[in-house]
Amino acid sequence: MSRLLVLSTSTRTVSNGRAFARWVADAAGGHEAFDVEFTDLGELALPLLDEPEYASTGIYTHQHTRDWSAIAGAADAFVFVMPMYNGGFTAPLKNALDHLYQEWQGKPVGLVSYSAGDSGGAPAAEMLLPVLARLGLRPAQRRLAVPAIHSLVSEGAFAPSEGLDGELAVLLDELAKLTLDENLA
Ligand SMILES: Cc1cc2nc3c(=O)[nH]c(=O)nc-3n(C[C@H](O)[C@H](O)[C@H](O)COP(=O)(O)O)c2cc1C
């Protein structure tokens, strides 16, 4: 079994995406290829990058960076559940990525975006691709973009739109294959 980290990347206290990300983690837990861990960047509460050394050195002086390194480093693959803010990816996600380096290298990542509007945050996922490439992450071709996220979350519970579980399964299958390729390499 590969270890999959599902990362909820909103840090807002009223995040709609948190419930969605938990639903993604639960669904991924049913996939035969993965042992799933869930991390909420809101709970992790990383400060803005304050390490004196470049992450590529692996020298981390702060406990919060070491903790984050242990979580990400233990994963074989990732799913980033990411909102779109003002047409792009969010600062907390970029900050979490910038904190580490070696922990990302060569690992597959699935992008699951969402937004209030019709795009489902697809532009934010697209915008993230060059950043992922710089960190050696390998994004799955298949991406999920969920529009009108507000309409799917009620009292902290996420109710998927029709067909969403099937779309997620396709992404997870691709991620499982990419993870297998990585382990064989
Ligand atoms: C700072 C900010 C900027 C936003 N910009 C957009 C946007 O460009 N397009 C869009 O469709 N929704 C936008 N939204 C709405 C969010 O997609 C929606 O509120 C979503 O629930 C945010 O995720 P979160 O609740 O998990 O933080 C924005 C929300 C915030 C807080």
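Every read-out reported here was derived from the displayed coordinates using simple, explicitly stated rules and does not represent laboratory data. Given the structure is predicted, the values throughout are model-derived calculations rather than measurements. Cβ placement follows ideal geometry from the backbone for every residue including glycine, while neighbour counts extend to all protein chains displayed.
Summary table below
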| quantity | calculated |
| --- | --- |
| Mean Kyte hydropathy of -1.0 or more with a Cα span along the axis of at least 27 Å, helices from DSSP in the chain | 164-184 |
| Theoretical gain in end-to-end length, Thr57 to Glu126 [0.36 nm per residue, Cα-Cα removed] | 22.0 nm |
| Two-site label geometry, Leu44 and Asp98: point separation in nm, points 7 Å out along Cα→Cβ | 1.5 |
| Test item: Cα-centred dipole of the stretch 2-184, Lys/Arg +1 and Asp/Glu -1 on Cβ, debye | 320 |
| Alpha-carbon centroid distance for the pair the stretch 69-86 / the stretch 1-60, whole angstrom | 4 |
| Residue exposure sequence - Val146, Val109 - by fewest surrounding Cβ within 10 Å | Val109, Val146 |
| Summed residue charge, Cβ within 13 Å of Ser113's Cβ, Lys/Arg positive, Asp/Glu negative | -1 |
| His64 paired with Met1, simple spin-label distance in nm, labels 7 Å along Cα-to-beta-carbon | 3.2 |
| Residue order, fewest to most surrounding Cβ atoms within 10 angstrom, among Ile59, Ile149, Ile71 | Ile59, Ile71, Ile149 |
